[in-house]
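Below you'll find the structure, written out as structure tokens, and then a few comments.
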Amino acid sequence: MAQPLVKKDDDRDDEEYSPFLGIEKGAVLQEARVFNDPQLDPRRCSQATLVVDIDGVACVQVITKLLYLLNQGETFTKIEATEVFFAVTKLFQSKDIGLRRMVYLMIKELSPSADEVIIVTSSLMKDMNSKTDMYRANAIRVLCRITDGTLLTQIERYLKQAIVDKNPVVASAALVSGIHLLQTNPEIVKRWSNEVQEAVQSRAALVQFHALALLHQIRQNDRLAVSKLVTSLTRGTVRSPLAQCLLIRYASQCSEGIPIQVIHESGNTQPGDRPFYDYLESCLRHKAEMVIFEAARAITELSGVTSRELTPAITVLQLFLSSSKPVLRFAAVRTLNKVAMTHPMAVTNCNIDMESLISDQNRSIATLAITTLLKTGNESSVDRLMKQITNFMSDIADEFKIVVVEAIRSLCLKFPLKYRSLMNFLSNILREEGGFEYKKAIVDSIVILIRDIPDAKESGLFHLCEFIEDCEFTYLSTQILHFLGNEGPKTSDPSKYIRYIYNRVILENATVRASAVSTLAKFGAMVDSLKPRIFVLLRRCLFDSDDEVRDRATLYLNMLGGDGIVSETGKDVKEFLFGSLDVPLGNLESSLKNYEPSEEPFDINHVPKEVKAQPLAEKKAPGKKPTGLGAAPTGPTSTVDAYEKLLSSIPEFAGFGKLFKSSAPVDLTEAETEYAVNVVKHIYDGHVVFQYNCTNTIPEQLLENVSVVVDTSEAEEFSELVSKALRSLPYDSPGQTFVAFEKPEGVAFGKFSNVLRFIVKEVDTSTGEAEEDGVEDEYQLEDLDVVAADYMLKVGVSNFKNAWESMGDDCERVDEYGLGVRESLAEAVNAVIIILGMQPCEGTEVVPSNSRSHTCLLSGVFIGNVKVLVRLSFGIDGPKQVAMKLAVRSEDPAVSDTIHEIVASG
């Protein structure tokens, strides 16, 4: 039960206090019986904030408690909600305005059912025609919330009148109700267009704002009507600042709908060429600050915006930076921060103003100012910025520190010659107090700088070694040790890192100790002069208390030959220690779970290598069952294993060898057709098998002797070997028919025409029996292509840079290509990924918006189990001509050449 409001003592000022502390639904429902009091005292029931008599419970307080429970997610049973609803309706007899408003609110929140609505409809309609404007406005809101379409037609006349009412509260209530009703009864609301159009000319700010919002929603599906609306209103008839902000957004949307190449088709990039740009620019001189900012933000977010178009908006935002209002300073610096990502030079004029914001009391403003300066600063200003940031970092929370760290990382990559001062800054803040995410951001930044700036490797590794001496986060320690094992042996003096690594074996927990053992082994494998010292340290690890540590030490000693045993070859050891796992972990886990203990050991070579983004699922029309193996497997077996078992069980296909890849199902019929057919392409070294998954969707038919006739006239390299027909295909029962082809070893492409042939028999749906005689029939299916991506498995690598370097450049092939006109770099990147069918690495498939260049990394396994790595470098110029540099490394030079041929012909 809520405690009465009391004055807090001075010594308890810092304690949190809630007037709803201890509220229980049962107790509040008991209190709600006061609504049934025949001697209802409105004055007593309207007390909302004053201390009330303990003997009497105010109605308003009870309603407040009920509303609190509803908004906290408390559910009322049907009986409880009905009782409260009927009790609340009795409060209509009160003439108290404050209590009446609470009653309206309670009815809205309870959302009564259709049979209960009738009870209050007459009271609400009476209030809707009341002389008290407050009653009218609230009654309209409640009626529109709880009414259905039938009642809405009865009160439509009143609502139309309310829209053009002289009282702005009533008009706004009707317009807002129209916005909500548009979702459920659009046809009725669309008939109010004339009244809403009249309300747009209202002098009341809120009425004009709500009217414009409703009118736009009514016309939003008619692009031409919206454009005409915006054009007419931009001529100066909108007075309300709120409505002006809406109009700016609508004008911006209309401008975005026109392709940039149309805007600049003549080659003239004058700002006035863009539709509505002049209007947006004129709003920068409006007297209301919110309108000025909205216009500036809209200009900065225009697609393909030029520096010349940005200039007036940047000038206005620069003035806001020196405003006395924190909200304006924040809005301006945040907008400039976004602009700096794509047009850093346009923001440089604001740098002096932003430097003064570093000491702003609002830490959000200061952080945005710092990160924007880091994006727009030049090489000469780096040292000065670092001094200012050093004092600033101790005053902000970790979430802001992470933003600053990421900005510093970008700055260092932009000015690599400044790596010393930036690396020292990162190492200093790494030693300070901070949470996991903050420390991880710093470590990630140092690692990226080491990888991308060769001169920073020695100092960066030294800073990381110092950090793990007192690192409290196991994850970071293991990640740093792993990175140290890969990069440390390549430095000029690898021995200086051994002390830091072995300290982890002595002082850390079991997880870090195991990681340190692996790191020691990497040094031993790469640096022969350190092997004797590494052997001594690994032998000490044999007496560790943890099984994992001892097992790793034993394994590495045997591999490196530390116990006098003949060791593996240097190449095998390095492949084991540094090579990436060439099978996805999810596939490995699935295969291990499915492995049944037997005399035959588990073989990792049998683990499927293809990356599956999601379980194989067939695209089908709603209500249809999946066909064939397009359905989810019933057991834990992966779909790749299921396909392999299915094909190996068919004698005609058993001699084809190891299945290389099975494609995702390709639909050969439309969604709502008589027969649903899709095909899965199974690729072998010298053969291709098409598995046609068929479903009969007609209850009155039984299909027999179902087969697919394939025309290979456009696939001359393929010759049909065998076709396996489906004996019977009842209604809604999936089945498969197969066609196998022989092809040359390696890759072969072609287009295949498909016709479904069968004998159709009529079925008596009441008995389920089919007629004895049937009729031969056929059904044309869509064509099927065998393309380059069918010969490539999506296999990722954990560290692309290491994999690229270990592959060597002996089989590297590099060439440049013109990809023609593209809407964006993202479109070009996606097109090449689809053509090659490879796995994007390290998130490089995502192209930043408005980026003019991009690098995408791909990996995969080509048919014949040949590993392939691809580095794509894209660039786009003004007319949207995209150029691409393609570098391919593989284990076979012929495969590298083939990848280039595929791209050249694609």
To test your reading of the geometry: what angle, between 0 and 90 degrees and rounded to tens, separates the Cα axis of helix 59-71 from the longest principal axis of the chain?
20 degrees
Can you tell me the mean projection area, over all orientations, of the convex hull of the range 428-544's alpha carbons? Units nm², please.
6.8 nm²
Charge dipole (the chain, unit charges on Cβ, about Cα centre) - positive-most of PRO186, GLY837, SER123:
SER123
Suppose every Lys and Arg Cβ carries +1 and every Asp and Glu Cβ carries -1, with no other charges. What dipole size does the range 789-905 come out with about its Cα centre, to the nearest 20 debye?
340 debye
Cα-based Rg / Dmax (Å) for the range 263-382:
14.6, 49
On average, how much area does the Cα convex hull of the range 383-493 cover when viewed from any direction, in nm²?
6.5 nm²
How long are the three semi-axes of the equivalent ellipsoid for the range 69-140, computed from the Cα gyration tensor as the root of 5 times each eigenvalue, in whole Å, largest first?
22, 13, 10
What area, in nm² and to one decimal, does the C-alpha convex hull of the range 402-448 cast on average over all directions?
2.8 nm²
Roughly speaking, what is the centre-to-centre gap between the range 827-906 and the range 458-485 when only Cα atoms are used, to the nearest Å?
34 Å
First compute the accessible area of the chain with a 1.4 Å probe, then give the percent of it belonging to carbon and sulfur atoms.
51 percent
Label the range 789-905 by shape, choosing from rounded, prolate and oblate, from the square roots a ≥ b ≥ c of the eigenvalues of the Cα gyration tensor; if a/c is under 1.5 it is rounded, and otherwise prolate applies when a/b is larger than b/c, oblate when it is not.
prolate
With Cα atoms, 0 to 90° folded angle of helix 639-648 axis to the chain main axis
50 degrees
Per-selection metrics, the range 305-367 (Cα): Rg and Dmax in Å
11.1, 34
If you put +1 on each Lys and Arg Cβ and -1 on each Asp and Glu Cβ, how big is the dipole of the chain around its Cα centre, in Debye rounded to 20?
4620 debye
Note: the range 53-199, point scatterers on Cα, Debye, no solvent; log10 I/I(0) at q = 0.13, 0.17, 0.20 Å⁻¹ equals -0.60, -0.98, -1.26
Taking only protein heavy atoms into account and a 1.4 Å probe, give the accessible area per residue of the chain in Å².
50 Å²
Radius of gyration, Dmax [the range 646-786; alpha carbons; angstrom]:
15.9, 54
Whole-Å distance linking the alpha carbon centroid of the range 749-799 with that of the range 63-104 is 61 Å
Per the helix-only model, the chain has a calculated mean residue ellipticity at 222 nm (DSSP H runs of ≥4, -39500 (n - 2.57) each, divided over all residues, rounded to the nearest 500) of -15000 deg cm²/dmol
Compute the angle between helix 149-163 and the longest alpha-carbon principal axis of the chain, please, reported from 0 to 90 degrees and rounded to the nearest 10.
70 degrees
So if we plug the beta-carbon distance of SER123 and SER733 into 1/(1 + (r/R0)^6) with R0 = 60 Å, what FRET efficiency do we get, rounded to 0.05?
0.50
Which whole-Hz couplings ³J(HN,Hα) result when phi for each residue of the range 88-105 is put into the Karplus expression 6.51 cos²θ - 1.76 cosθ + 1.60, θ = phi - 60°, listed in order with x for Gly and Pro?
5, 4, 5, 6, 5, 5, 6, 9, 6, 5, x, 5, 4, 5, 5, 5, 4, 5
Would you kindly derive the ³J(HN,Hα) couplings of the range 234-240 from the backbone phi angles with the Karplus curve 6.51 cos²θ - 1.76 cosθ + 1.60 (θ = phi - 60°), listing them in order in whole Hz, with x for Gly and Pro?
6, 7, x, 8, 9, 9, 5
In the chain, if the dipole is taken from +1 on Lys/Arg beta carbons and -1 on Asp/Glu beta carbons about the Cα centre, which of TYR497, VAL333, ILE442 is farthest to the positive end?
VAL333
Sorting PHE320, PHE20 on solvent-accessible surface, 1.4 Å probe, most exposed first, gives PHE20, PHE320
In sequence order, what are the phi-derived ³J(HN,Hα) couplings for the range 595-602 according to the Karplus relation 6.51 cos²θ - 1.76 cosθ + 1.60 with θ = phi - 60°, rounded to whole Hz, with x for glycine and proline?
5, 9, x, 7, 5, 7, x, 5
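The values are calculated or read from the model by the stated rules, or taken from the named source; none is laboratory data. Note that the structure is a prediction, hence the values are computed from the model and not measured. Here Cβ is always computed from backbone atoms with ideal geometry, including for glycine, and neighbour counts include all displayed protein chains. Keep in mind that these areas ignore ligands, DNA and RNA; they rest on the heavy atoms of the full protein, side chains included. Shrake-Rupley method; radii C 1.70, N 1.55, O 1.52, S 1.80 Å.
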